[in-house]
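Read the figures in this text as sums done on the coordinates, not as results from a lab. Remember, it's a predicted structure, so these values are computed and weren't measured experimentally. Glycine gets a Cβ as well: all are built from the backbone with ideal geometry, and neighbour counts include every protein chain shown.
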Amino acid sequence: MKKKDLMLAGGICAAAVLLWLFLHFFLPGTNNMIRITVDGSMYGEYSLDEDQVIRIGDTNVCEIKGGKARMTEADCPDQLCVHQKAVGTQGGTIVCLPNKVVIEAERIESQGEENVIDAVACRIGVCF
């Protein structure tokens, strides 16, 4: 590869990293709640700001602690859901397939900040 090719590849990688940092840290809203579904039906929505233990039917137990949620108990044979990493402000999903339980970190946007993105989009000619 030539020096200019390496510079182009480095520039593209740097732009991708900057875009990811912007999207990750500067967009409004945070994942401050989880949504639990059982067999496709809503079981409940819980704040990540409050430490608590949630019993999901007779099969699973979810614990919210320190702004993260994790599955602490399950009666499924493989226990894969118990070994999945905790979900929290960085997003994520925990799935227990045998019991059909899904825990998802949800993105909640702060009020009044939704229009900021629209204003930027309108300036570049992408108004809806």
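Quick notes on this structure:
- Across the options CYS96, HIS83, GLY66, the greatest Cα extent toward the positive end of the charge dipole of region 60-106 (unit charges at beta carbon of Lys, Arg, Asp, Glu) belongs to GLY66.
- Table column - 3J(HN,Hα) (Hz), region 69-85, Karplus curve with 6.51, -1.76, 1.60, x for Gly and Pro: 10, 9, 7, 9, 9, 7, 9, 6, x, 8, 6, 5, 5, 5, 8, 6, 5
- Applied to region 40-49, the Karplus parametrisation 6.51 cos²θ - 1.76 cosθ + 1.60 on θ = phi - 60° returns per-residue 3J(HN,Hα) values of x, 9, 4, 9, x, 10, 9, 6, 7, 7 Hz, with x for Gly and Pro.
- A simple rule links phi to the HN-Hα coupling: the Karplus curve 6.51 cos²θ - 1.76 cosθ + 1.60 with θ = phi - 60°, which for region 96-105 gives 10, 5, x, 9, 6, 9, 10, 10, 10, 6 Hz, with x for Gly and Pro.
- Extension gain, ASP58 back to LEU21 (0.36 nm per residue minus Cα-Cα distance, nm): 9.2 nm
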